[in-house]
Each structure stands twice: as structure tokens, then as C-alpha cells.
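> Got a structure for you, written out below as C-alpha cells; questions coming shortly.
All of the numbers you see were taken from the coordinates with simple rules; none came from a lab. Please read all numbers here as calculations on a predicted model, not as lab measurements. Cβ placement follows ideal geometry from the backbone for every residue including glycine, while neighbour counts extend to all protein chains displayed.
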Amino acid sequence: VRDRVSGRQLSANVPSLTGQTVGTDLQARLQRPLELGNDLQCFALSEAHDGAAAGYPSMFGAILGTGAGGGFCVGGRLIAGHNGIAGEWGHWSLPATLQQRHDLPVLDCGCGLRGCLERYVSGSGLAMIHERRGGHALDAAEVVARAQAGDAVAQQALAIHRDLLGYSFASLILALDPHVIVLGGGLSKLEQLYRDLPAAIAPYLFAGVRVPPILPPTFGDAGGARGAALLARQHSPSP
């Protein structure tokens, strides 16, 4: 996150960059105009432009990997917001009702807040839920593999994780009402997500509200780099 007035980085994933004017410094060194965007927003822009969400009036690109975040696009253009943080749904708070229902702790987040959704709905969140249910310390892919093999603890962890995702995406739909959601990150490779998520989302929406299509990405891990190029083009002066 970058302060648009001072140009300084806020809550950087690399702590040493917090407070630094990375964009300004790079622009001065390269002697070229520079547009900064995070990988989440660039992923969304790539999929909105000519990927899975091409042709939809609006879309949300949701990353589910070691963390959780995303970007919102309307008419093929990124909507970054007043502070440039639009799409940071992973830092909404998980409600106490769900924490109590599933006996989950209030976890500190690297952003400085507590109880952020990404600590629970990300791949690392799935691994945490599995371990709290008495399972071995495994990564998300191993939890999924065990669940598919019939392991009861892993299946329970997946069910809890699915419920938390259902709430999270329902909140996103209530806030932004995108025409389509495109998933990215490691968990986007799980085919059952596309089958199971609509039913998990529906109970947290108003009766009769339609869940938008939830689609896999077209460009996968290349989405961030493609989106960065598109972002630069969007902000370049017309030839």
C-alpha cells in the first residue's frame, strides 16, 4: 500500500520498505514514468482485460494463496480507490459468531490488525484449521489430498474453511456486487471450490440474490506481470 500524497509505502510485506518512497526512487533512477500496483490488483486487471472476466461489466479478482486479497475492475479498468487499497478484502475482520461457531482464535495479522479474514480463508488458514482440529501440521495441498482420501479431520477442516469462504465472498458481493469473481492463487487450482462455493455463499446473502459466476483464471501465475503492463498502459499518455 502506498500513500498517494507522500509516495511512502504503508504496511509493506517487506518490513524494511515501510516508509520508503519506492516508486519515486525507482522513477528517478530509471528516468521513466512509473506506475506502481500490487500483484493482487494487477491479477484482477489482467483477467478483466482479456482473461476469464473479459466482457463482464465488473469483476472481482480474488487471490487465495498464502494470504487473501484482490482487485476490483469496472469496464476493464482497475478501481484502486482513494487510498489505493480497494480490493483488500482479506483484511476485513472475521465476525465473532464464526470464530465462536468453529472455535477459532483471534489471530494477529502481518498488517498490524487482528482477526483478518486472510488468516483463516487463505491456504495457510486451511492448514491452521486442520491443525486446530487435531490434525498433523500440513500445508493446504496435503490437507486437501487427505480429505479426498477420506480423512475425517481433513474433511472437517475443509468444511469449516468452506463456510468461512462463503461468508467472506458473500460480504464481498454485498459490498461490490461484481458481475463475476475470478479466483487466483494456489487454492484456485481446487476444482471443488467452483462447485461448492455458490452453496456456501448463498446463506449469507439476502434471499433471492444471485451468486455471480465464480471462474478459474485464464492466465494463472502470469496474471500479475500481465496486469502490471496493462496498468502502465492505462496510465500512459495517449500517443
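> Sort Ser46, Ser93 so the one with the fewest other Cβ atoms within 10 Å of its own Cβ comes first.
Ordered by Cβ neighbours within 10 Å, fewest first: Ser93, Ser46.
> For each of Cys42, Cys111, Cys73, count neighbouring Cβ atoms within 10 Å of the residue's Cβ, then give the residues from fewest to most.
Cys111, Cys42, Cys73
> If you take all C-alpha pairs in region 29-186, what percent of them are over 24 Å apart?
It works out to 39 percent of all Cα pairs.
> Considering the Cα trace of region 1-121, what is its radius of gyration and what is Dmax, both in angstroms?
Cα radius of gyration and Dmax of region 1-121 are 16.4, 55 Å respectively.
> Which value at 222 nm does the chain reach when only helices count, each DSSP H run of 4 or more adding -39,500 (n - 2.57), with the total divided by all residues and rounded to the nearest 500 deg cm²/dmol?
Calculated from helices alone, the mean residue ellipticity at 222 nm is -12500 deg cm²/dmol.
> Round to a whole angstrom and tell me the spacing of the C-alpha centers of region 147-185 and region 28-48.
28 Å
> So what does log10 I(q)/I(0) come out to for region 28-86 at q = 0.13 Å⁻¹, using the Debye formula with one equal point on every Cα and no solvent?
For the requested q values the scattering log ratios are -0.36.
> Would you mind estimating how fast region 159-239 diffuses translationally, via Stokes-Einstein at 10 °C and 1.306 mPa s with the Kirkwood radius over Cα pairs, in µm²/s?
The Stokes-Einstein estimate is 111 µm²/s.
> Which whole number of Å³ per residue matches the convex hull of the alpha-carbon atoms in region 65-146?
Hull volume over Cα atoms, normalised by residue count, gives 121 Å³.
> For a quick protection proxy, order the peptides 199-207, 23-31, 173-181 by their average other-Cβ count within 10 Å, most packed first.
173-181, 199-207, 23-31
> Here's another thing I want to ask about it. Counting other C-beta atoms within 10 Å, which of Met128, Met59 has the fewest, and how do the rest follow?
The most exposed by this proxy come first: Met128, Met59.
> Charges at C-beta only: +1 for Lys and Arg, -1 for Asp and Glu. How large is the resulting dipole of region 35-235 about its Cα centre, in Debye rounded to 20?
My answer is approximately 260 debye.
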